[in-house]
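Take a look at the structure below.
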Amino acid sequence: MQAVTQATLEFVKQYWAPLVCGLVIVGVLPLIVGYVVLVERKIMADMQARLGPMRVGPHGLLQPIADAVKLLIKEDIIPEDADKLVFWLAPVLSVAAALLAIAGLAIGPAFQIAKDVNIGILFVVGVSAMGIFGIVLGGWASNSHYSLIGALRSSAQLVSYETAAGMALVCGLLFAGSLNITSIVQAQYDQGVWFGLLAPVAFFTYLVASIAETNRAPFDLPEAESELVAGYMTEFSGFRWSLYFLAEYTNMIVVASVATTLFLGGWLRPFPRTTWLSFIDFFPPLLMVGIGVYCLMRTPKQPVRVQQTFMLAVAGLCFAVALVLVAPMLVPAVKPLHDGILGAFWFIFKVSLYIYFFMWLRFTLPRYRFDQLMRLGWHFLIPLSIINVLLIGIAMIVGTYFHLQGWSLLLTTSPASIIALIIALFILATEQKSEPQKSSAAPDSYA
Amino acid sequence: MLDQVIFYFFAAIAVISAILTVTRRNVVHSAIFLITALLATAGIFLQLRAEFLFIVQIILYVGGIMVLFVFVIMLVNLDVAVRQLRFARQKWVALLISLALAAQVGLMLWSTGKMPGQGVPVLAAVPADKLPLNSEAVAKSLFETYLLPFEIASVLLLVAMIGAVVMAKKRT
Amino acid sequence: MLPIGHYLFLGLALFIIGVIGVVTRRNVIVILMSIELILNAVNINLVAFSRLYGDVAGQVFALFIIADAAAEAAVGLGIIIAFFRNRETVLEDEMDLLKW
Amino acid sequence: MAMDTTTDSRDKQQTLLGADELVLNMGPQHPSTHGVLRVKLKLDGERVIGSECMIGYLHRGVEKIAEHRTYQQFAPYVDRMDYVAAVSNGLGYCEAIEKLLMVEAPPRAKVIRTILTELQRIASHLLWLGTHALDIGALTPLFYCFREREEILKIFEKYCGARLTTHAFRIGGLQYDAYDTLEKDVERFCKAFEPRIKDYEDLLTQNRIWLGRTKGVGILTAADAIALGATGPVLRASGVKWDIRKAMPYAAYDQYKFEIPVGSTGDTYDRYMVRMEEMRQSRLICLQAIENIPTGPILAKVGKVLKPPPGEVYHAIEAPKGELGYYVISDGTVQPYRVRIRPPSFVNLQAFDKMARGHLVADVVAIIGTLDIVLGEVDR
C-alpha cells in the first residue's frame, strides 16, 4: 500500500502540470463544444437568410449553457431490451477516445499535455479512431434496427476513409521526417513552407477523408435523418446523447488540429521565415480589437439592460485578449511568451477556419448515397492517396538529389501533384463511364 | 516504483479481462473484454518503452482487427451464443495443457534462478530520455535487417486480403 | 525495475487463458478471439526480452506477429461469414461436413 | 422506416448477409414521406424489389362532403386538398361549376385568376424544391425557397387575407377585385425571382452529388407514364409534351406565350429540371399578364342561389402537380349530386412502384420527393 502511495506521489510530483491541463480540458471542452455548436448554428442561419438562436442572452450567446442544462435534466431513457452495460459504456468510450486524442495535440509551442511524444501524431490518430467502438457498440446495444444499420454504416465508413486519411498523413510525414508533433511544426519552420503547399493533393485527400471520418455532411449517412432518423444515436437521450455529441465535435477539433499541424504549419504564422512580413504578427490583436469594437457598436442596439451589459463584457473580453496578444511584442518583460501566445492564436485560428470549412460544406452540399460514398472512398480516394504517396516519395528523392530545400522543393513536388491530379481526373472519368448501369427494374409481379 | 505500479495495474486488467473474454456468454461482451485486454497489453508495451508497438497495437489490433470482429459478430446471429453451453468440452485437455505450460515456465525460471552468479535478470531502469528514439530504431531494424521478412509479411497480407474477399463473397 | 519473470508470468497467464478459450469454447468467433489472446501473450514476452537485451529485433517480430494476426483474423472471419451464410451457425462442433 | 413488427430479429440478421428478403415499413411517421404516406417496401438487402403504398391516413371524405353542401359552400373545401396549391384547386372547381352553369368569367377575372394561379404554381414548386433537396440532404435550398414563397404568400394575403387556404375565387369570377398595387407586387416579385432561380441552380444543377443522387434514379419511360396516367411534370419529364394549359386552354392561358419544358429520360433529375423551367415559364406568364389587365366586372352574372341544370361535366386544369380534374354531376338542386375529383398526386403516386424497383432505400426518399405528392390530395 505504501508503495502505491509513494508511486502516486512520485507520479503527481513529476506530472502535475499535464494532469492539471488534462483536468482543465475535460472541464472546459464541453463549453467549447457548446460554443462551436452555437457558432455552427449562427453560420448556418446566416447562410440560410435567417437569424438563428436569438433568445438566450444577446444574440443567443448563452444558448449553449441553456442547451447543456436542458440535456442534463432530461430523462435518461434506456430501451427495455437494451444491453445495459454496453449501452452505458458506448457513449463513454466515444468521449474517452476523443478526449484522449486531445492529449497528444499541441496548441502552440507552450501548450501540450503529453509533451514530446515520440509517436505524437500516430497517437492522436490511433486513439481517436477508437471512437468507432462507441458508435458500433452503442448502435448494437440499443437493440433497434435504425441504430444497428446506422452503426454498421458508420463504422464501415470510418474504416474505409481511415486508409485514405492515413495515406495522406504519410505524405506530410515524409516531409517532416518525424512523428513528433513539435518536430513536425519545427520542420515546417525550417523549410519555411507549409506542407499543405508542398503536397496539396494529400491535403485535399485528408480534408475529404476527415469530413467522412467525423460523419459530417455530405458524408453524414449514419445520421441521415431523412433515412435513418438519427443513426446510432436514435435510442440515446439526454446526457448520453450529449456525450455522443461532445465526442463528435471533439473529433472535429481533433481532425482539424491534425490537419493544421501537418499541413497548415501548426502554430506558425503564414510565411514564418519571411522577416519583412513580420507585421502579420499584428494581425491577431487587430482582429480581436475589431471584434471588440463591433460588439461595442452593437451594444446600444440591445433591447434589455442585461444584454447591453453582456455585450459590453464580450467587448471587454475581446480587448483583454487583444492586450494579451499584443503584450509580447511591446512589453520586453513578457517577450519570452511571444511564441506561446501568438502560436496559440494562430493554431486556434487555423483550426477554426478548418472547422468553418466543414460547416460551409454541410450547408451547401446534398448527401451522398451509401454506395456512392463507398465508391468514392475505395475507387477514388484510396488509389489517389496511394499514388500520391508514391509520387511525393519520388519527388522527395529527386529533391534530395538536387539539394532542394523549402520553397524550392515545390520544383519537384508540384509536378508530382499535377501528375496526381491528372490521375485523379482520369480515375473520375473512368468512374463515370463504368458507373454501374442501374439494373432494369425487378420482375414486375403485377404485370 | 512507478513502473511497478503501472505494470501491476495493466497486468491485472489484462488478466481479468482475458478471463472474462473466454468466460462471457455474450460474444459482444467477450469482444469488449478482449479489447480491454489488448489495451492493457498496449499499456504494458508502453511501460516497456516500446511506444511504436504501443500505437501499432492500438491502431492495428484495437482499431483494425477488433473492429472487424465486432462487425462480424453483428452480422451473424447472436442468439446462438447466449444459448450455448460454456465449458462442456475438453475440460481435461485444457487443464493438462495449461499445467504443462505453467510447469515449463516455472522450470525455466527456477533453473535460471539456480544458476550460479546470476539470478533472474532484471530489466535495467533507464530514464526515458536516454533510450534511443523508439520508432526510428524499429524502422531502422525493420527496413535494414528484416527487409525480406517485411516484404514477405506484406505478401502474406495481400494473400489474406484476397482470401478473405473470396471467402466472404456472396455466391451467386 | 521489474525482473523479467513478471512479464513471463503475465505472458503465461494470457497464453493459458487463450488456450483454455480455444479448447473449451464452441463459438468460432470466441475461438478466434482466444487465438488473438495467445498471440498477444507471445508479443509481451518478445517485447520484454527486447527490452532486456536492448535490441529492437523483438519488437520487430512483435510487429510481424500483429501483421500475421491481422491476416488470420481477416481470413478466419471470412470463413465464418461464408459458413454462417450456408449453415446459419457459428458453433464449431456443427462444422462437421467436409464440403457443403 | 421502422421494421415491420412481424419480422423478428432473426430475419433481419439474415438479411444483412443477403440471404432473405425483408419487409420494411416506411412511414406513416417518417420525416421523408411528406405527410402520412406509408410505404411497405420489400427489400433484398438495401435494394427495393417491390413496394406498396398504403394511403388513407388523411382521408376526410371531401367528395362525400360535397354532396351535402351547396355549390358555393363546397368551394372552401377544395382548398384543403392540395393545401400547398389552394388557388389552383379553387380555380379548377370554380371553372367546372361555371361550365356546368354555362357562364363564363369576365376577362378581368380570368387574367387575375391566371396571375394568381401561376404564382401558386411557383409557390408549390418552391415548396417541392426545398423539401426534395432537404430529403437528399441539402439543407440550405429549403430556406431560400421559403424566403421566396413567403413573398408569394404575402401577395395572396394582401389579395384575399389568407395565405394558405385562400379560397380566392368565386364561382363566376372573383370574390375580391385586385388590390391597387397587385401589378407592382407581382412585378417586383418576378424581377427578384429571376436571380433567385439561378441561385438554386447554382447550388444543385451542376452539383456532382446532386447529379449522382438524381440522375438515373426513378426512371419512368414515356410509355409507362402514359399507361399509369401520370400527368404534370412527372409526365413531361418523360418526354411527353402534354400540358392542359396548351392542349385545352382555360382561364386566360390562350393569350400568353410560354413554353412547355420536357425532359428526355424521365429520371429524377429530369423532373427537377422540368420543374425549374416551369417556374421560369410561370414567371414569364405572370409578367405578360400584368402588362395588360383588362378593366371591367370581376363577377359574371350568377344568382345568389346556384341551381345548375341537370347534367354532368368534367373539367381539368393543369395544377402544379399535374392534371386536376373535377367531375361534377348536377341533379338540378342546389347541391351537387356527386363530385369526383381526379387529384394529380394520387394518380402520380401509382408510378412509385415502377420507379422504386431496383433502387436502394435511400433512393426511395428521393423518389417520393420527386413525385411531389401532397397527402391531403392523395387521400382527400
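Rule-based calculations on the coordinates, nothing more; no lab input. Here the structure is a predicted model, which is why all the values come from computation and not from measurement. Methodologically, a virtual Cβ is constructed for each residue, glycine included, from the backbone with ideal geometry; neighbour enumeration extends over all protein chains shown.
Here are a few things to note about the model shown:
- For the residues A:GLY52, A:GLY138, A:GLY265, a GNM of chain A with alpha-carbon springs under 10 Å puts the largest fluctuation on A:GLY52.
- Summing charges over all other residues whose Cβ lies under 13 Å from the Cβ of A:PHE363, with Lys and Arg as +1 and Asp and Glu as -1, gives +3.
- Among D:ILE152, D:ILE136, D:ILE209, residue whose mean-square fluctuation peaks in a GNM of chain D (springs only between Cα atoms under 10 Å): D:ILE209
- Across D:GLY173, D:GLY332, D:GLY130, mean-square fluctuation computed from a Gaussian network of chain D (C-alpha pairs under 10 Å connected) peaks at D:GLY332.
- Helical segments meeting 24 Å axial Cα length and Kyte-Doolittle -1.0 threshold in chain A (DSSP H): A:2-47, A:84-104, A:145-176, A:238-263, A:305-330, A:338-364, A:382-401, A:410-434
- Chain D: angle of helix D:107-136 to the longest principal axis, Cα-based, in degrees nearest 10: 10 degrees
- Three-way shape call for the range B:1-98 based on the alpha-carbon gyration tensor, with the a/c threshold at 1.5: oblate
- Stretch in chain D that is longest and holds no GluC sites (Glu not before Pro) that DSSP places in a loop and that have at most 14 other beta carbons within 10 Å: D:105-258
- Global geometry of the protein assembly as shown, whether rounded, prolate or oblate, following the gyration tensor of its Cα atoms and the 1.5 cut on a/c: prolate
- Of all aspartates and glutamates in the structure, the ones whose alpha carbon falls short of 19 Å from that of A:LYS84, not counting any fewer than 8 places away in one chain, are A:GLU75, A:ASP76, A:GLU235, B:ASP79.
- Set A:LYS115/A:LYS350; D:LYS154/D:LYS215; D:LYS191/D:LYS301 screened for pairs whose C-alpha atoms are more than 31 Å apart: D:LYS154/D:LYS215; D:LYS191/D:LYS301
- Rounded is the label for chain A, because the ratio a/c of its alpha-carbon gyration tensor axes (a ≥ b ≥ c) stays below 1.5.
- C-alpha center-to-center spacing [the range D:81-113, the range D:34-75] in angstrom: 25 Å
- A DSSP coil position with no more than 10 other Cβ atoms inside 10 Å describes the following trypsin sites (Lys or Arg not before Pro) in the range A:29-110: A:ARG55.
- Counting only residues at least eight positions apart within a chain, or on another chain, the lysines with an alpha carbon under 20 Å from that of D:LYS64 are D:LYS307.
- Using just its DSSP H runs of length 4 or more, each adding -39500 (n - 2.57), chain A gives a mean residue ellipticity at 222 nm of -23500 deg cm²/dmol after division by all residues.
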